[in-house]
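Asker: First the structure, then my questions, so here it is.
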Amino acid sequence: MRDQVLWRKVGRIAALLAERLDIDAERALDILYNSRTYSLLTNPDSGLQLQSDAYILADLLRELDA
């Protein structure tokens, strides 16, 4: 069950990223999967899974700007 919830969260964040950067969903998933943010998101000890999609997107965008 937990994996399904995370999978849906990742999909929503990728969709938000695609919209924000005006890119296709495949490219957004590639960016997300290769990010530090994704590593934290998949680590339950980080607590990032508990944050909102918007918060995680903002974290990812900050990472991309760095």
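Asker: With a point put 7 Å past each Cα toward its Cβ, work out how far Ala66 is from Gln49 in nm, to one decimal.
Answerer: 2.2 nm
Asker: Residues with beta-carbon under 13 Å from that of Ser39, excluding Ser39: net charge, scoring Lys, Arg +1 and Asp, Glu -1?
Answerer: -2
Asker: From the residues Tyr38, Leu21, Gln51, which one has its Cα farthest along the dipole of the chain in the positive direction, the dipole being from +1 and -1 charges on Cβ of Lys/Arg and Asp/Glu about the Cα centre?
Answerer: Final value for the positive-end residue is Gln51.
Asker: Accessible area per residue for the chain in Å², computed with a 1.4 Å probe and the full protein assembly in place, what is it?
Answerer: Per residue, the chain has 69 Å² of solvent-accessible surface.
Asker: Looking at (i) 1.12; (ii) 0.91; (iii) 0.93, which value of Rg/Rh (Cα atoms, Kirkwood Rh) comes from a calculation on the structure shown?
Answerer: (iii)
Asker: Which length gain, in nm to one decimal place, applies between Leu6 and Tyr33 when the Cα-Cα distance is subtracted from 0.36 nm times their residue separation?
Answerer: Once the chain is fully extended between Leu6 and Tyr33, it gains 8.4 nm.
Asker: Can I ask one more? Helix-derived [θ] at 222 nm for the chain: sum -39500 (n - 2.57) over DSSP H runs of at least 4, divide by residue count, nearest 500?
Answerer: Here the helix-only value at 222 nm equals -22500 deg cm²/dmol.
Asker: Okay, next question. For the chain, which whole-number percentage of the solvent-accessible area (1.4 Å probe, protein heavy atoms only) is attributable to carbon and sulfur atoms?
Answerer: 51 percent
The values are calculated or read from the model by the stated rules, or taken from the named source; none is laboratory data. This is a predicted model, so every value here is computed, not measured. As a convention, Cβ positions derive from the backbone with ideal geometry for all residues, glycine included, and neighbour counts pool all protein chains shown. Ligands, DNA and RNA are excluded from the accessible area calculation, which covers all protein heavy atoms including side chains. Shrake-Rupley method; radii C 1.70, N 1.55, O 1.52, S 1.80 Å.
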